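> Please find one structure pasted underneath; my questions will follow.
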Amino acid sequence: DMKERVPSKDKLNVDFVNDKLGHVMESVRLIRKQMKEEGISIPLIGFSAAPWTLLFYMVGGSSKKKQHIGMEWLHSHPEASRELLDSLTTIVIEYMAQQVENGAHMLQLFEAMGMMIEQPEFNEFAMPCLKKIADELKGRYPDVPLMVFSRGASFANEELSKLGYDVVTIDGSVDRSTARDVVGGRTGLQ
């Protein structure tokens with residue numbers, strides 16, 4: 001069923017993103033135009049949900065109901081999960097790249113459902129996607145600040161700080177007195 005609903009990798013490109021999400025790119029251009037007209041010179045932040053978060057919602061998970069369904073899907077369909085996460089990673093990369101091409105000054109990647117995945121599965125399934133996104137976007141846009149936020153998965157902050165992101169955003173569960181020690185001087189904190 002997934003192969004019928006998710007386009008093949010060769011179709012997940014700039015054209016796909018602009019066809020499905022062109023309204024976002026138009027919004028970025030309009031916001032930048034308005035900012036210029038009004039003399040506003042603050043950064044415009046582009047953003048995207050991260051692949052695990054997208055998969056979680058695609059398979060029927062919810063932050064209020066069916067919280068278990070994402071983990072169950074990973075365990076029941078590990079290969080299909082990897083394939084879907086790989087496709088979503090490609091889409092996220094192109095989506096965020098197009099936001100930069102259309103005027104975003106910096107990018108924020110949200111793993112908003114980080115609390116819905118256990119640490120071993122996060123490391124196995126989510127972390128490789130986050131690394132690939134950072135590698136690709138920093139390769140294309142080395143001067144565009146890249147931020148990452150893994151809500152509810154603060155156990156990942158140290159590793160995230162090693163992936164090439166400029167900023168690791170921390171959530172309310174992180175002890176502020178030790179946050180800097182965890183990421184060292186590798187990245188900024190927000």
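> Anything in region 106-115 that is over 12 Å from Ala50 (Cβ atoms) and either at pLDDT 95 or above or surrounded by 19 or more Cβ atoms within 10 Å (Cβ to Cβ) (or both)? List them, or say none.
Met106
> Return yes when Glu4 is exposed (fewer than 14 other Cβ atoms within 10 Å of the Cβ), over 18 Å from the mean Cα position of the chain (by Cα) and at pLDDT 90 or above and no when it is not.
Here the answer is no, as Glu4 does not meet what is asked.
> Quick one: how many residues across region 130-150 are in a loop (DSSP other than H, G, I, E, B) and either crowded, with 18+ Cβ neighbours inside 10 Å or in contact with a Gly (Cβ under 8 Å, 6 or more places away or on another chain) (or both)?
Final tally of qualifying residues: 1.
> Quick one: what pairs do we get from region 88-99, first residue touching a residue at least 24 places away in the same chain (Cβ under 8 Å) and of a type in the set (D, E, K, R), second assigned to a helix (DSSP H, G or I) and surrounded by 22 or more Cβ atoms within 10 Å (Cβ to Cβ), C-beta under 8 Å, 6+ apart or different chains?
Final answer for the pair search is Glu94/Val17.
> Another question, if that's okay. Any idea how many residues of region 59-90 are among the small types (Gly, Ala, Ser) and open to solvent by less than 20 Å² (accessible area, probe 1.4 Å)?
Residues meeting the conditions: 4.
> Taking the conditions exactly as written (part of a helix (DSSP H, G or I), in contact with a Pro (Cβ under 6 Å, 6 or more places away or on another chain) and either open to solvent by less than 40 Å² (accessible area, probe 1.4 Å) or among the acidic types (Asp, Glu) (or both)), does Leu55 satisfy them or not?
no
The values are calculated or read from the model by the stated rules, or taken from the named source; none is laboratory data. Remember, it's a predicted structure, so these values are computed and weren't measured experimentally. A quick note on method: Cβ atoms are made from the backbone with ideal geometry, for glycine too, and the neighbour counts reach across all protein chains shown. Areas reflect the complete protein model, heavy atoms only, side chains present, ligands, DNA and RNA absent. Shrake-Rupley method; radii C 1.70, N 1.55, O 1.52, S 1.80 Å.
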